[in-house]
Amino acid sequence: MNVNFQKRICIAFFSHSAECYGAEKSLVELLEGLKARGIEILVLLPSDGPLTKKLEQTGFQYRIFPFKWWASNKSLWTRVIFLLWNLLLLFPICIFVLKRQVDAIYTNSAVVSIGALVAVILRKPHIWHIHEIVDKEHGLTFDFGEALSLRIIDWVSRAVITNSEFVSQKYSRYISQKKINLIYYGISVPSEKNLDSIYSSTPDKFKIAIIGNINRTKNQMDAVQAVDVLKKRGLKLALYIVGNGDESYTNQIKQYVREHGLEEDVYLMGYVENPFPLICNSDILLMCSLCEAFGRVTVESMLMGKPVIGTKSGGTKEIIHENFNGYFYTPGNYIELAQKIEYLINNPEVRKQMGENGCKWAKQKFPVDRYPEEVFSVIKDIIKYK
């Protein structure tokens, strides 16, 4: 069927946060690719943060409206207050979007719904991009329950995009499979010659990095406990934990480090805007998440020639290939993780080969240009004019 498009296509993107982790990084890359294809971009965010700086650097229009999530671990009354708050914001957001003659609305996370409400009110086509798992195990639940919320996602969206086969299968029970589009990220990393290896204060130690928001589902404690085991065996290691997040869990890690005398072995770096020098200077990367939806940093690490040890769960199973570009271990079994780390320490030739395998495979699997092109195809399908 032939479809005629207006010369100008403007899309309003709703981001669930102004941080700059996997979903937000992929959003910026997507926006750059869509801009190159003639799409006009408008971004709405709930707060200021690293993402707003990225948008300013790349020249994208954005506006901050302090909207709230419809998935959290908050009390019932807090969720009710958040709902009422979002309802109050609906009118100014609708006016803002309407004035800019937006053709479609794109929600970049399962945890925010206000973009979908705006789309319904303004009768605009809506795309919902799901990057994460929302359930009790991940510390979040939908305010209206999983079944009803996912049916709402299905009802208000002309298309749903997922970032892994695991996520697609997770939500296909309630979302029409005809609407689900599995689109892997297109990922690139800077070349080593453009990186300054600033994390070189431990030249005599085997360097390990784990990168991501710090919380129980990301499971950084496995890495800390594995380092503790290996230190007792006489091995010299430096574990870099990059990210911020849950204060209680972070304090639990800090307490473990103090109690086990790991202050010179485990470094909590906090949020790092550019983690690539650290990845470049590391020997291996860890992905300890209990159930990662995808794992962008896993691919970034492979593209930089680093083997990855990850949990055999979630989207990580689609990236790590055992004995080829990394190893699996059982979540919570830090003894097994320590054994895999020790093997790579003692076998540098295996480590080197795995890094080379992962780099070659990731370049073929996640090419940069494919991601925006496939999303662009979805956008063209849903924006139809008489």
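The values are calculated or read from the model by the stated rules, or taken from the named source; none is laboratory data. None of these values were measured; they are calculated from a predicted model. Ligands, DNA and RNA are excluded from the accessible area calculation, which covers all protein heavy atoms including side chains. Shrake-Rupley method; radii C 1.70, N 1.55, O 1.52, S 1.80 Å.
Quick notes on this one:
- Anisotropy class of segment 282-353 from Cα gyration tensor, a/c 1.5 cut: oblate
- The residues of the chain expose on average 45 square angstrom of accessible surface per residue, using a 1.4 Å probe on protein heavy atoms.
- The Cα atoms of segment 163-306 give a gyration tensor whose axes a ≥ b ≥ c have a/c of 1.5 or more with a/b no greater than b/c, which makes the shape oblate.
- The angle separating the long axis of helix 370-382 from the principal Cα axis of greatest extent in the chain is about 20 degrees.
- Choice from Ile284, Ile95, Ile335 with maximal GNM fluctuation in the chain (Cα, 10 Å cutoff): Ile95
- Accessible carbon and sulfur surface of segment 226-367 relative to its total accessible area, %, 1.4 Å: 48 percent
- Crossing angle, helix 146-156 versus the chain [Cα axis fit, 0-90 degrees, rounded to tens]: 50 degrees
- Rounded to 10°, Cα long-axis angle of helix 348-365 versus longest principal axis of the chain: 10 degrees
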